1. Does the range 84-100 contain at least one residue that is in a helix (DSSP H, G or I), at pLDDT 90 or above and in contact with a strand residue (DSSP E or B) (Cβ under 9 Å, 6 or more places away or on another chain)?
2. Sort through G65, G26, G19 and tell me the only one that's open to solvent by 20 Å² or more (accessible area, probe 1.4 Å) and either more than 16 Å from T94 (Cα to Cα) or not hydrophobic (A, V, I, L, M, F, W, C) (or both).
3. Looking only at residues that are of a type in the set (D, E) and not in a loop (DSSP other than H, G, I, E, B) in the range 116-167, which one is most open to solvent (accessible area, probe 1.4 Å)?
4. I'd like to verify a number: residues in the range 44-65 that are within 28 Å of E150 (Cβ to Cβ) and in contact with a Ser or Thr (Cβ under 6 Å, 6 or more places away or on another chain), how many?
5. Looking at the range 27-81, which of its residues are touching a helix residue (DSSP H, G or I) at 6+ places or on another chain (Cβ under 8 Å) and among the basic types (K, R)?
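The values are calculated or read from the model by the stated rules, or taken from the named source; none is laboratory data. Keep in mind that what you see is a predicted model, and the values were worked out from it rather than measured. Using ideal geometry, Cβ is built from the backbone for each residue, glycine included, and neighbour counts are taken over all protein chains shown. What goes into the accessible areas is simple: the full protein's heavy atoms, side chains included, and nothing from ligands, DNA or RNA. Shrake-Rupley method; radii C 1.70, N 1.55, O 1.52, S 1.80 Å.
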Amino acid sequence: MPRVPFESLPPSSRVWVFGAERPITGSAASRLLGAVDEHLDRWNAHGSPLTCARQWTEDRFLAIGVDQSTAGASGCSIDGLFRVLKGLETELGTHLVGGGTVYYRDPTGPIVAVSRDEFSELAADGEVRKDTRVFDMTVATVGDWKERFETETARSWHANLLPEHAG
């Protein structure tokens, strides 16, 4: 069974989250999602089709989920997905693959992408606090994605980047 609606994946399904440093909209978003859908439609591990889905949110975040109860994604199949995304980065003008970027929601609403050091500096200056909304790119299951992808800094690993006195 190939690509299915994201909502139909069980909570235990494995998820990978990719973030764009800037919003991807319009034809660029269509290009990204078209390439991802094409890959997912034929995605397999050792010849077994993967039951998989994708969700695009906030014009920045791509979640790819795999129901591993039928067939699990292998290292080679995951590498293939990463290659597809990496191959689109130049065309899209933003990075999708790689770590180190922290995403948080500015108090006025927009999402901001900064390095870990910049996030720590913002926290030291009081601009980022325990109640600042952050996006946890490390969630590992669809259930975690739904429950805590966007959460308060204090409820995420991001709290480790706050000085003890941050409010």
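1. At the first step, the residues of the range 84-100 found to be in a helix (DSSP H, G or I) are 84-92.
Okay, now just the ones that are also at pLDDT 90 or above, so 84-92.
Those still in the list that are in contact with a strand residue (DSSP E or B) (Cβ under 9 Å, 6 or more places away or on another chain) too: 85.
Taking every residue of the range 84-100 in turn, at least one turns out to be in a helix (DSSP H, G or I), at pLDDT 90 or above and in contact with a strand residue (DSSP E or B) (Cβ under 9 Å, 6 or more places away or on another chain).
2. Numbers: G65 fails: open to solvent by 20 Å² or more (accessible area, probe 1.4 Å); G19 fails: open to solvent by 20 Å² or more (accessible area, probe 1.4 Å).
Criteria check complete, one pass: G26.
3. Filtering the range 116-167 for residues of a type in the set (D, E) gives 117-118, 121, 125, 127, 131, 136, 144, 147, 150, 152, 164.
Cutting the leftovers down to not in a loop (DSSP other than H, G, I, E, B) gives us 117-118, 121, 144, 147, 150, 152.
Values: D117: 112, E118: 89, E121: 113, D144: 45, E147: 151, E150: 57, E152: 70 Å².
Going through the qualifying residues, I end up with E147.
4. Taking the range 44-65 first, the residues within 28 Å of E150 (Cβ to Cβ) are 50-65.
Still in the list and also in contact with a Ser or Thr (Cβ under 6 Å, 6 or more places away or on another chain): 51, 59, 65.
Total meeting the criteria: 3.
5. Listed by number, the residues that qualify are R31, R54.
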